[in-house]
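Bear in mind that the values in this text are calculations on the coordinates, not laboratory data. It should be emphasised that the depicted structure is a prediction, and the values quoted were computed from it without experimental measurement. Heads up, the Cβs are rebuilt from the backbone with ideal geometry, glycines too, and the neighbour counts pull from every protein chain shown.
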Amino acid sequence: MSTCDQCVVRNRSICAALDENEIKLLNSIGRRRNLTAGESLIWEGEDSVLVANVIEGVLKLSTGTEDGHEQIVGVVYPSDFIGRPFGATTGYGVTALTDARVCVFSRRDFDGFAREHPSLGQKLLERTLGELDRTRRWMLLLGRKSASEKVASFLLELMERLVEPGCKVVFDQPSRQLELPFSRQQIADVLGLTIETVSRQLTRLKVEGTIGLPSRREVVIRNLDALVAGAG
């Protein structure tokens, strides 16, 4: 695996809790892996054999419903941790929404390392609690909010999660310009809406002056207060 010194998410990932010697030890049991959009990393219900840090790209967490449909239960971004440490099976599938790069570890090797290094265990606990909070917000988003509130909330989450060093986000005051890692169909899939509904809501926000749409992959936040209000 390449040296961790140049890793763009090192100071934001679980590795931030480790000292130089611990980083070297963790480096020795991991490897880098590149994923193309649509490629799966972890499959729902299978043995939990690996965990990973997201370095670049965006991935979805999904589960199958009884009627054979896919339900997206979460989205992970650079510096997020994915997989199930200390678990026998995986409760969801993990698939790249965009081209992505991840730092992959054997789950058994990672479990052993975490047991020997309490600082990493503490970081995992913090991440788990943060993920629990995001899951609760996600439940509210999918279950209670209107289509307009869902789209506004989604744009706010993208701003919150992608405004980090190394991500393609540009602040153009007083507006904020965001390069979307999703197509409109992917946004619809994530939010449980149709692509037509997503397009209508984005157009409405544009007409109201809340956002600008320079292209299908760019959004300019022109009125952040209005977007927050629109998210409910």
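Each Lys and Arg Cβ is given +1 and each Asp and Glu Cβ -1; about its Cα centre, the chain then shows a dipole of about 420 debye. For segment 47-107 versus segment 117-154, the spacing of their alpha-carbon centroids is 14 Å. Bridgeable lysines around K60 (alpha carbons under 23 Å apart, same-chain partners fewer than 8 residues away excluded): K123, K145, K150, K168.
Placing +1 on each Lys and Arg Cβ and -1 on each Asp and Glu Cβ, with no other charges, gives segment 4-142 a dipole about its Cα centre of roughly 300 debye.
Straight-line cross-link partners of K206 among the aspartates and glutamates, defined as a Cα under 20 Å from its Cα and at least 8 positions apart when in the same chain: E149, E157, D172, E179, E196, E218, D225. More than 18 angstrom separation, counting every C-alpha pair in segment 4-142; what % is that? It works out to 55 percent of all Cα pairs.
In the chain, taking the dipole from charged Cβ atoms about the Cα centre, the farthest positive-side position among A52, G212, Q186 is held by G212.
Can you work out the FRET efficiency for the pair R137 and E20, with r the C-beta to C-beta distance and R0 = 22 Å, to the nearest 0.05? For R0 = 22 Å, the calculated efficiency reads 0.05.
Cα-based radius of gyration for the chain, normalised by 2.2 N^0.38 Å, reads 1.06.
Its DSSP H runs of at least 4 residues, each contributing -39,500 (n - 2.57), put the calculated 222 nm mean residue ellipticity of the chain at -12000 deg cm²/dmol, to the nearest 500.
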